[in-house]
Amino acid sequence: MEELNILNLLIILTSAWLGGSAAKRMGYPAILGELIIGILLGPALLGLLETSEMINVLAEVGIILLMVYIGMEINFRDLGKASWPGLLAAIGGFIVPFALGYYTIIYFGGTQMAAIFVAIAVAVTSLATKSRILVDLKLLNTRIAYVLMAGALISDTLALVIFAGIISYVDAGSIDTLGLAWVAGKAILFFVFTALAGIYLLPLLGRFLMKSKINSRTLHFTLILIIVLGFSELAEVAGLHSILGAFMAGLFIRDGVFNRQISKDINNIFHDISIGFLAPIFFVSAGFNVTLEVFQTDLVMLIVVTLVAMIGKIFGTALFYLPSGYGWREGIAVGTGMNGRGAVEIIIAGIGLQMGIINNEIFSILVFMAIFTTLTVPLFLTWTTNWLRKRNELVHQESRSGYIILGANPLGLYMAKKLQDKNEVVIIDANREMVAEAKTQGFNSMYGNILKEETMEDAKAIEKGTFIGLTGNNEINFLAAQLAEDAFYIPNKIVLVSPSETGADVNMLDKINATSLFANKTELEPWASKISNGDFKENTLTIKEEISTREWVKEHKGDKNSILPFFIINTEGIIRPFHYNDTIAEGEKVIYLE
């Protein structure tokens, strides 16, 4: 048996890290840099790196674990957030490029199997690409974001289903009707069994572990690995590829099966092992199989496939988007966002190459197509979303709505009063009298210890989009925000940071993925007293030029506690709390107290 070449592995991992880091710095997914570094250092160009049997084994384990992680990231309930018309656009972004890709390869004389592989590759959409770019462009709370996420989930799932059919067909080896029926039957049985196991058996296991108070993260990780490998082996027995089993296992290892905190930890472990270690080996070594000769021998095919991928994705999405009534301009914007390709496409293409269904030339075309199309996403999406902004057609839409406010003090009640017109707001406090007073004023308030999970569960924290820590105790605010992050995955955490408090400071905000309320350190008591006595004036200021909340505070704050910026109202009339990590766009309004 071949020994592992440690030096070769060290160079591959180091170069993968360098390439991935460079790509992320430029706003692209790490796999783009890993592919490019594999092409540069591999046989295609410099010839400094080469694959081996052990590298191939590690790469295969890497894609299995990566598919588990991809499956874990998919929540089919999220598809509904895009609305049915949005889902139609997502499907259009798959079907149209799929058809165009298939007939392009047939036109160039390729086989049907190769044509289907190319069709899958041009139809998929990279979820990793979308997530990073949406954050950078501040689009996560827009309707476009949910349509893009739905498109990525649908395209990846459809790609894997079609891939399963191809593997079944290849396994049959002939067009014998009985043989094909048997292979198709095995594939159907696999999906039925794994779905039933995921829906019924895994939750039973999770409940048993919770009842037995078994909280060992190591044991949970081992059990999940056993489940993953079991599903992967079932896929192989059914004549499918192991990545389908891993993907199905990931789909059902979801929230509610195991303890929330342990599930989050396990998800992070799979992320680190796959994306941080083994998957980069696969993507760098995938670059070893690329040949630059396609630029001489198959340049026309490369250009046509790339154009077909881009045009099919953008205009296919826009075409299916028309019946939604959201306008063709938003459809174009969604299409430009869906234009990037990623992990699933490269994995499927690599397996096709390994099985001899496609050759090195087709594989190289798919890799370069993925690189070229992904490079266009930030540029095109920036253009189209700015276009929508200027026309006031960029629609905001929260995925998880509602607020939990910690603190039934005058500031908390004032904030709740403004927010509850269009949102569900729950106020939590450990002071019974303040909770009772809040209830008499018509607020949805509850008594409880915010640091206990049961209290957050009673407040339906798993459904809420924003947690606001509004007590005068920094430590309580920070610990509660940490619980909201770790146990309930509340996306927005905003906390009051008091300048007089010690033991917790703004430096901790990044660690808990939170931000500071009012974009500044603020004393609670003086403003609580002013609001309680009615000794304040509410003002509204319309913003004429885009500005960060921090810069706004610097420009408008005179004496230390002279004004308090409370809310931002966007051009659609939607109100949000004023906090540090935010930008106030032109035309938006700031509500502040003085």
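The values are calculated or read from the model by the stated rules, or taken from the named source; none is laboratory data. Nothing here was measured: the structure is a model prediction, and the numbers come from that model. Ideal geometry is used to build each Cβ from the backbone, glycine not excepted, and the neighbour counts take in all protein chains shown.
Of the residues making up segment 225-263, those that are farther than 14 Å from residue 71 by Cα, in a helix (DSSP H, G or I) and under 20 Å from the mean Cα position of the chain (by Cα) are 260, 261, 262. Of the listed requirements (1) modelled with pLDDT under 80; (2) within 21 Å of residue 492 (Cα to Cα); (3) surrounded by fewer than 18 Cβ atoms within 10 Å (Cβ to Cβ), residue 509 misses just one: (3). Considering segment 443-458, the residues that are in contact with a helix residue (DSSP H, G or I) (Cβ under 8 Å, 6 or more places away or on another chain) and among the hydroxyl-bearing types (Ser, Thr, Tyr) include one that is surrounded by the fewest Cβ atoms within 10 Å (Cβ to Cβ), namely 447. Of the residues making up segment 170-190, at least one is over 30 Å from residue 575 (Cα atoms) and modelled with pLDDT of 85 or more.
Kindly list, by first and then second residue, each pair from a residue in segment 439-457 that is within 24 Å of residue 259 (Cβ to Cβ) to a residue that is in a loop (DSSP other than H, G, I, E, B) and β-branched (Val, Ile, Thr), limited to pairs with Cβ atoms under 8 Å and residues at least 6 apart or on different chains. Partner pairs satisfying both residue conditions: 456/450. Close contacts from segment 181-197, counting a first residue that is in the same structural domain as residue 234 (by TED's automatic domain parsing) and a second that is surrounded by 16 or more Cβ atoms within 10 Å (Cβ to Cβ) and acidic (Asp, Glu), with Cβ to Cβ under 6 Å and a gap of 6+ residues or different chains, come to 183/171.
Check whether at least one residue in segment 266-282 is of a type in the set (A, V, I, L, M), closer than 30 Å to residue 391 by Cα and in the same structural domain as residue 367 (by TED's automatic domain parsing), and report yes or no. Looking for residues that are of a type in the set (A, V, I, L, M), closer than 30 Å to residue 391 by Cα and in the same structural domain as residue 367 (by TED's automatic domain parsing), one finds none in segment 266-282, hence no.
The residue pairs whose first member lies in segment 100-116 and is in the same structural domain as residue 313 (by TED's automatic domain parsing), whose second member is part of a loop (DSSP other than H, G, I, E, B), and whose beta carbons are closer than 6 Å, counting only pairs six or more residues apart or on different chains, are 113/357; 114/358.
Of all residues in segment 224-242, those satisfying the criterion of being out of contact with any Ser or Thr (no Cβ under 8 Å at 6 or more places or on another chain) and buried (at least 19 other Cβ atoms within 10 Å of the Cβ) are 224, 227, 228, 238, 241.
Being at pLDDT below 85 and of a type in the set (Asp, Glu) is true of residue 398.
Based on this model, can you work out whether residue 431 counts as touching a residue at least 12 places away in the same chain (Cβ under 8 Å) and not assigned by TED's automatic domain parsing to the domain that holds residue 304? Spelling it out, residue 431 is indeed touching a residue at least 12 places away in the same chain (Cβ under 8 Å) and not assigned by TED's automatic domain parsing to the domain that holds residue 304.
Within segment 318-335, the only residue that satisfies the criterion of being modelled with pLDDT of 90 or more and among the β-branched types (Val, Ile, Thr) is 332. Of the candidates 564, 517, the single residue that is in contact (Cβ under 8 Å) with a residue 60 or more places away in the chain and surrounded by 18 or more Cβ atoms within 10 Å (Cβ to Cβ) is 517. Tell me, yes or no, whether segment 326-341 has at least one residue that is surrounded by fewer than 22 Cβ atoms within 10 Å (Cβ to Cβ) and not in a helix (DSSP H, G or I). There is at least one residue in segment 326-341 that is surrounded by fewer than 22 Cβ atoms within 10 Å (Cβ to Cβ) and not in a helix (DSSP H, G or I).
Taking (1) crowded, with 18+ Cβ neighbours inside 10 Å; (2) modelled with pLDDT of 85 or more in turn, residue 266 satisfies each apart from (2). Among residues of segment 292-304 that are assigned by TED's automatic domain parsing to the domain that holds residue 107, those with a beta-carbon under 7 Å from a residue that is β-branched (Val, Ile, Thr) and modelled with pLDDT of 85 or more at least six positions away or on a different chain give the pairs 294/365; 298/365; 301/365; 302/294; 302/365; 304/104.
Consider residue 359 carefully, then state whether it is at pLDDT below 90 and more than 26 Å from the chain's Cα centre (by Cα). First the steps, then the outcome.
Details: at pLDDT below 90: yes; more than 26 Å from the chain's Cα centre (by Cα): yes.
Yes; evaluated as a whole, the condition is true for this residue.
Taking into account only those residues within segment 94-142 that are modelled with pLDDT under 70 and either surrounded by 22 or more Cβ atoms within 10 Å (Cβ to Cβ) or of a type in the set (Gly, Ala, Ser) (or both), which is nearest to the chain's Cα centre (by Cα)? So that I can check it myself, show each step before the final result.
We begin by selecting, within segment 94-142, every residue modelled with pLDDT under 70; these are 127-138, 140-141.
So of that shortlist, the ones also either surrounded by 22 or more Cβ atoms within 10 Å (Cβ to Cβ) or of a type in the set (Gly, Ala, Ser) (or both) come out as 127-131, 133.
Working: 127: 6, 128: 6, 129: 9, 130: 7, 131: 5, 133: 10 Å.
Of everything passing the filter in segment 94-142, 131 is nearest to the chain's Cα centre (by Cα).
In the condition set (1) of a type outside the set (A, V, I, L, M); (2) assigned to a helix (DSSP H, G or I); (3) modelled with pLDDT under 80, residue 215 is compliant with all but (2).
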